[in-house]
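Okay, structure first, notes after.
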Amino acid sequence: MTKPVSTELLQANLQKVADAMYCEAQPNLVLRQKGATVSIPCREIYFIEIYGNTLRINTANGTITARERLKNVMHMLPPVGFLQCHKSFIVNMNHVFRIQAKNILLKTGETVPVSRAKYVETRDAYFAYMGQRF
């Protein structure tokens, strides 16, 4: 890079490096789906939702459904990078664009609700996560 450094260019390059480091560190989420075993790279997960007895995993390659409890899945995910922001939702903080009072806006344009009780915890965990990445 040449001086003076463009702020936008520096931020874009730092984001590329952070994304590459994040991808290398993330394992796979392994679930059973209709008698078969499914392995989902954690870096591809946008958010996970429980709807009734069905778990919906929204990924870069579409939605995967399985029958599993949300709290069990939370224990299978890496301890850093995933956050339960609502009793029915887990979000991958690497795909968060903005946190608002009632929801999280993802980089894909989708929104995930944040419960009132978990808003402060969600906001603080996201800022701490982003601080660790850089």
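The values are calculated or read from the model by the stated rules, or taken from the named source; none is laboratory data. This one's a predicted model, so the numbers in the text were calculated from it and none came from an experiment. Every residue, glycine as well, gets a Cβ built from its backbone with ideal geometry; the counts of neighbours run over all protein chains shown.
Kindly provide the set of residues from the range 30-47 that are in contact with a Phe, Trp or Tyr (Cβ under 7 Å, 6 or more places away or on another chain), in a strand (DSSP E or B) and either among the polar types (S, T, N, Q) or free of Cβ contacts under 8 Å to residues at least 60 places away in the same chain (or both), ordered by number.
Within the range 30-47, no residue meets the criteria.
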The range 58-67, residues that are crowded, with 18+ Cβ neighbours inside 10 Å and part of a loop (DSSP other than H, G, I, E, B): none
task: Look at Leu55 and say whether it is at pLDDT below 90, of a type outside the set (Val, Ile, Thr) and either at negative phi or outside any helix (DSSP H, G or I) (or both).
output: no
- prompt: In the range 80-126, how many are part of a loop (DSSP other than H, G, I, E, B) and within 11 Å of the chain's Cα centre (by Cα)?
  reply: 3
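Across the range 1-51, which residue is surrounded by the fewest Cβ atoms within 10 Å (Cβ to Cβ) among those that are small (Gly, Ala, Ser) and at pLDDT 80 or above?
As a first pass, look at the range 1-51 and keep what is small (Gly, Ala, Ser): 6, 12, 18, 20, 25, 35-36, 39.
Now drop any that are not at pLDDT 80 or above, which leaves 35-36, 39.
Details: Gly35: 5, Ala36: 7, Ser39: 9.
Step by step, filter the range 1-51, then rank; the result is Gly35.
Can we say Gln84 is closer than 21 Å to Met130 by Cβ and in contact with a strand residue (DSSP E or B) (Cβ under 8 Å, 6 or more places away or on another chain)?
Values: closer than 21 Å to Met130 by Cβ: yes; in contact with a strand residue (DSSP E or B) (Cβ under 8 Å, 6 or more places away or on another chain): yes.
Answer is yes for this residue.
Could you pull out the residue among Ala125, Ala101 that is closer than 30 Å to Asn13 by Cβ and in contact with a helix residue (DSSP H, G or I) (Cβ under 9 Å, 6 or more places away or on another chain)? Walk me through how you get there before you give the answer.
Values: Ala101 fails: closer than 30 Å to Asn13 by Cβ.
Among Ala125, Ala101, only Ala125 is closer than 30 Å to Asn13 by Cβ and in contact with a helix residue (DSSP H, G or I) (Cβ under 9 Å, 6 or more places away or on another chain).
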field: Output for the range 76-98, where each listed residue is in contact with a Lys or Arg (Cβ under 7 Å, 6 or more places away or on another chain) and surrounded by fewer than 19 Cβ atoms within 10 Å (Cβ to Cβ)
entry: Phe97
